[in-house]
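The structure under discussion appears below in the form of structure tokens.
Every number in this text was worked out from the coordinates using simple rules, so none of it is lab data. All figures in this text were calculated on a predicted structure; none of them were measured in a lab. With ideal geometry, Cβ positions are generated from the backbone for all residues, glycine too; neighbour counts draw on all protein chains shown.
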Amino acid sequence: MLELQNISYTVTDDGKNKEIIRDVSLKLEDDKFYVITGPNGGGKSTLARLISGIVKPDSGKILFDGKDITDMSITDRARNGISFAFQQPVRFKGITVKDLITLAAGDMSTADACAYLSEVGLCARDYINREVNASLSGGELKRIEIAVTMARSSKLTVFDEPEAGIDLWSFNNLIKVFDRLHDKLHGCIVIISHQERIINIADELILIAGGRVTKTGSKEEVMPLINSGNWAVDSCDKLNI
Amino acid sequence: MNNMDNIQKRLLEEVADLHEIPEGAYNIRSNGEGAGRRSTEHIEITTKTDKPGIDIHIKDNTVRESVHIPVIISQTGLTESVYNDFFIGENCDVTIIAGCGIHNCGTQKSEHDGIHTFLVGKNSRVRYVEKHYGEGDGRGEVVLNPQTIVHLAENSYLEMDTVQIKGVDSTIRTTRGDVADNATLIVKEKIMTHGTQHAETDFIVDLNGVNSGTHLVSRSVAKENSTQMFRSNIRGNNACNGHSECDAIIMDNGKVAAVPELEANCVDASLIHEAAIGKIAGEQLTKLMSLGLTEEEAVEMIVNGFLK
Ligand SMILES: Nc1ncnc2c1ncn2[C@@H]1O[C@H](COP(=O)(O)OP(=O)(O)OP(=O)(O)O)[C@@H](O)[C@H]1O
Ligand SMILES: [Mg+2]
């Protein structure tokens with residue numbers, strides 16, 4: 001499905017070069033459910049941006065279904081079956097939930113697309129004509145982002161911290177939603193998350209820290225590393241510079 | 001209306017959504033002349049005797065009625081100033097649809113300056129809709145300089161919606177208002193300029209009454225080499241609420257300047273101005289592109305939504 005080969009990505013911050021993704025290689029398989037986790041600032045969102053084409057790597061290759069998509073635009077990646085739900089969803093003045101869902105759903109009927117709103121716990125009737133602007137609460141915006149992304153029914157979908165800002169009651173449902181999506185899509189789902197309950201439903205866990213993949217494997221293999229607590233040392237080190 | 005040609009009919013459709021003779025009172029002005037008029041039991045339209053234009057008298061207690069007063073110009077080189085005065089009685093609830101469409105395929109300037117004065121009686125509600133549209137393949141300029149003067153009596157309300165999306169080379173829109181006790185003036189304008197067009201907006205509102213209020217909202221897009229200027233001055237002369245908002249997207253070499261002024265002349269006046277000018281946010285484009293749109297399609301969707 002998706003293969004990252006030796007991906008590196010550097011940004012310039014205050015005139016200094018900062019390598020935020022370092023030589024990352026990863027292989028994601030069809031029909032599998034991945035969870036990417038790791039410390040804040042580790043490079044998870046950046047990796048998702050590299051996959052969806054929002055940023056381009058300095059070196060390395062990205063293959064999608066065997067095809068080299070390293071230089072492919074965001075648009076073409078989207079059309080070829082890559083979807084990405086942002087960690088911080090974007091607001092638009094004058095564009096409605098319906099506009100986004102129908103755009104995402106393609107030739108799906110609006111009624112079917114509305115079903116995705118219900119899945120994320122929003123009453124379609126109340127929200128479908130709302131503008132995706134500053135009047136939406138953080139949690140509402142986040143759910144709309146998830147619903148819009150799911151409506152695309154892509155081969156590969158990356159959700160960046162979908163649980164952030166979602167209340168506890170809805171969180172339980174959200175987990176079921178991802179489970180169902182997984183059953184239905186037969187595609188590859190990648191969730192970036194810090195939540196143990198989401199980690200629990202992963203087929204495979206990917207640990208990213210300091211711009212590197214530090215471990216991949218089953219929950220049993222990766223969790224001990226997370227619980228060992230050496231991230232705290234890491235942040236103290238940073239303070240000492 | 002029957003003796004209008006196709007250009008005139010299309011202009012009428014653009015500015016007033018009119019396909020046929022409207023319901024209620026109307027006055028159609030075409031190439032500087034009257035092209036049809038109807039007064040009704042409650043709304044009387046008469047021709048001014050001292051200058052070009054009409055007086056529209058709306059009787060007390062007129063509710064759910066409308067007046068259409070479109071102006072169309074298809075003759076190149078026509079320049080006119082027209083005065084339309086609305087005398088709206090008490091306890092009314094009416095909709096007024098004005099608009100000006102110019103088709104200029106000649107080389108001379110066509111200009112229409114409409115001066116609209118509203119005297120709104122106590123407890124009345126007015127919705128005033130105005131649409132400006134220009135077209136033509138000639139090199140003649142299309143110029144529209146509308147002036148709107150609103151006097152709001154106690155407890156009255158006027159909402160003005162103006163739209164200018166296409167084809168007007170130069171426009172200076174002037175709006176003046178004075179607002180009495182418990183009255184409210186709302187103005188919403190939408191402007192898009194392109195090419196080398198220039199649009200200026202100039203509001204001055206005096207909030208004179210206790211509990212008077214105003215809300216001025218301008219949304220605009222300046223594309224290519226076009227320029228826009230937004231000026232507003234809200235003067236709070238009593239316990240009142242004033243709010244103005246200028247929200248503009250600039251593209252290509254478009255330029256927008258906003259000069260907001262607030263003047264609180266009473267300690268209980270509460271006045272706010274918000275202005276945001278900038279290009280389309282990069283993350284808005286990437287979001288829509290990640291849903292499969294090209295960059296151009298994404299820009300179009302954002303601009304259309306913004307001006308909707
Ligand atoms: N354009 C940029 N300029 C400077 N620094 C950047 C830029 N983009 C990302 N970074 C830095 O790169 C690092 C990785 O960021 P990223 O957003 O990928 O982290 P993350 O793993 O998603 O963190 P979180 O769990 O907090 O969401 C951070 O230290 C961030 O500050
Ligand atoms: Mg992140």
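Among all residues of region B:292-302, there is at least one that is β-branched (V, I, T), within 7 Å of another protein chain (Cβ to nearest Cβ) and touching a Leu at 6+ places or on another chain (Cβ under 8 Å). For region A:141-168, name all the residues that are hydrophobic (A, V, I, L, M, F, W, C) and touching a residue at least 24 places away in the same chain (Cβ under 8 Å). A:L141, A:I144, A:I146, A:A147, A:V148, A:M150, A:A151, A:L156, A:V158, A:F159, A:A164, A:I166, listed by residue number.
Matching residues to (1) assigned to a loop (DSSP other than H, G, I, E, B); (2) in contact with a helix residue (DSSP H, G or I) (Cβ under 9 Å, 6 or more places away or on another chain):
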residue: A:R125; (1), (2): no, yes
residue: A:E140; (1), (2): no, yes
residue: A:E163; (1), (2): yes, yes
residue: A:W169; (1), (2): no, no
residue: A:N173; (1), (2): no, yes
residue: A:V177; (1), (2): no, yes
residue: A:D183; (1), (2): no, no
residue: A:I191; (1), (2): no, yes
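Applying the selection to region A:30-59, what residues are under 26 Å from A:G210 (Cβ atoms) and more than 16 Å from ligand 1 (Cβ to nearest atom)? Walk me through how you get there before you give the answer.
Taking region A:30-59 and keeping what is under 26 Å from A:G210 (Cβ atoms), we get A:32-59.
Within region A:30-59, A:K32, A:F33, A:S59 meet the criteria.
Going residue by residue through region A:207-217, is there one that turns out to be among the β-branched types (V, I, T), within 14 Å of chain B (Cβ to nearest Cβ) and under 22 Å from A:S52 (Cα atoms)? Checking region A:207-217: not a single residue is among the β-branched types (V, I, T), within 14 Å of chain B (Cβ to nearest Cβ) and under 22 Å from A:S52 (Cα atoms). Scanning region A:141-166 for residues that are more than 19 Å from A:G106 (Cβ to Cβ), within 14 Å of chain B (Cβ to nearest Cβ) and away from ligand 1 (no atom under 16 Å from the Cβ) yields one hit, A:L141.
Within region A:148-161, which residues are away from ligand 2 (no atom under 13 Å from the Cβ) and assigned to a loop (DSSP other than H, G, I, E, B)?
We begin by selecting, within region A:148-161, every residue away from ligand 2 (no atom under 13 Å from the Cβ); these are A:148-157.
Selection gives A:R152, A:S153, A:S154, A:K155.
At least 2 residues being buried (at least 18 other Cβ atoms within 10 Å of the Cβ), within 15 Å of the chain's Cα centre (by Cα) and within 16 Å of ligand 2 (Cβ to nearest atom) is the threshold, and among the strands (runs of 3 or more DSSP E) wholly inside region A:1-101 those reaching it are A:33-37, A:82-85.
Of the numbered criteria (1) more than 16 Å from ligand 1 (Cβ to nearest atom); (2) without any contact (Cβ under 8 Å) to a residue 40 or more places away in the chain; (3) more than 13 Å from A:V120 (Cα to Cα), the one A:G138 fails is (1).
For region B:275-291, the tally of residues that are more than 7 Å from every other protein chain (Cβ to nearest Cβ) and β-branched (V, I, T) stands at 2. In region B:193-243, counting only strands (runs of 3 or more DSSP E) that sit wholly within it, the ones holding 1 or more residues that are over 15 Å from B:N265 (Cα atoms) and in contact with a helix residue (DSSP H, G or I) (Cβ under 9 Å, 6 or more places away or on another chain) span B:212-222.
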